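K.L.:
Here's a structure for you.
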Amino acid sequence: MSDHALVVSNPPQGEVDFVKAAPSFGMTPAEVRMKANYPVPEIWIADSDEQKVNSVAGALQEAGLRVISVLGDRLAAVPAAEQARSFEFGEAELALQLESGGVTVGFEDPTVALFCQPSRPDLASRQVKRDSLGERMSHGAGTMGGSGRRSGTDDQRGMPTALDLAAFVDIYLQQNGSVRRVSVNQETTDFSGLESAAQRSADNMLLFVTKFSERFLNSPLDKRLVGMRVRQRPALVSAIPQDNRRKGYSFATQALSRLLKSVSPALTDVGDSDLASRLAYLTLTYH
């Protein structure tokens, strides 16, 4: 069991008293404003004292910040993504074909869906590790960084992979009393199930998003992860400290890597886009 409690941001933020919020972070109001402007849910505060974390979360909420307080165990319990090989929109349901078999989701079924479209850096100036489609698809669900999306790191530089930079829709659904997570990915899903498949996979991904939104009217797509930057994740051991007070547990920091490892070994290699999906899911299902 994890002994961590987490304060997770739940953007977008509204009217915030940054002067009132600053002491909870140990930052200046200007630094808190910068954190609050980040549109992607992220971990702001973590501590082994749950009561202390709940108190800090309450103080931030009183200052006008939208945050949730969750135990690390709940983050670790968010299921790994199973990659959809193909799909087909029917009259009243979406049929998804996975390596483990078929999954059917009715348009009226309660689901939580997230669209992530990472901003792509200048790939010409960065060494992006590319795995073959065959190698990626030869892995079963949960074998790639525990999520179906690799961690975005290689052994030396922690560079994002082509798969980390791909757009995806994560569909969280209830099945047999538990949550299951199915991912339609720009890189690994066959889009021939679209009535008019485009030539470019990126265009097909947007077509899928449009069709999904038109049919799942009770499950609007959360699009806070659109435009998210996927960056190099620093190694846990580095000669040069890379964290500072304002970054805290932000994405692509050593502090976040250490925290995830301490929360659960299963989270050690989870990539930033996968983590963002998990955090966004928690904010949407918090109660």
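What follows draws every value from the coordinates through simple rules; no lab data is involved. Bear in mind that the values here come from a model prediction, so they are computed numbers and not experimental data. Backbone-built Cβ (ideal geometry, glycine too); neighbour counts: all protein chains shown.
K.L.:
R0 = 41 Å: FRET efficiency of Lys211 with Tyr286, Cβ-based, nearest 0.05? Please report the intermediate quantities before stating the final value.
P.N.:
Values: r = 28 Å, r/R0 = 0.69.
In this case the efficiency is close to 0.90.
K.L.:
In whole Å and largest first, what semi-axes does the C-alpha gyration tensor of segment 41-109 yield when each eigenvalue is scaled by 5 and square-rooted?
P.N.:
Details: eigenvalues 302, 49, 16 Å².
Working from the Cα gyration tensor, I get semi-axes of 39, 16, 9 Å.
K.L.:
Can you list, largest first and rounded to whole Å, the semi-axes you get for segment 1-68 by taking the square root of 5 times each eigenvalue of its Cα gyration tensor?
P.N.:
In descending order the semi-axes read 20, 13, 10 Å.
K.L.:
Right, something else. Fully extended, how many nm does the chain gain between Arg258 and Arg33 (0.36 nm per residue separation, minus their Cα-Cα distance)? Each step should come with its number before you reach the end.
P.N.:
Numbers: separation 225, 0.36 × 225 = 81.00 nm, distance 2.51 nm.
Using 0.36 nm per residue and subtracting the Cα-Cα distance, I get 78.5 nm.
K.L.:
Where a Cα-Cα gap under 28 Å defines reach, which lysines qualify for Lys211, not counting those fewer than 8 residues away within the same chain?
P.N.:
Leaving aside lysines fewer than 8 places away in the same chain, those within reach of Lys211 are Lys223.
K.L.:
Would you kindly derive the ³J(HN,Hα) couplings of segment 57-72 from the backbone phi angles with the Karplus curve 6.51 cos²θ - 1.76 cosθ + 1.60 (θ = phi - 60°), listing them in order in whole Hz, with x for Gly and Pro?
P.N.:
With coefficients 6.51, -1.76 and 1.60, one gets 4, x, 5, 5, 5, 5, 7, x, 7, 8, 9, 10, 10, 9, 6, x Hz.
K.L.:
A further question follows. Can you compute 3J(HN,Hα) from phi for each residue in segment 278-283, using the Karplus curve 6.51 cos²θ - 1.76 cosθ + 1.60 with θ = phi - 60°, rounded to whole Hz and x for Gly and Pro?
P.N.:
4, 5, 5, 4, 4, 5
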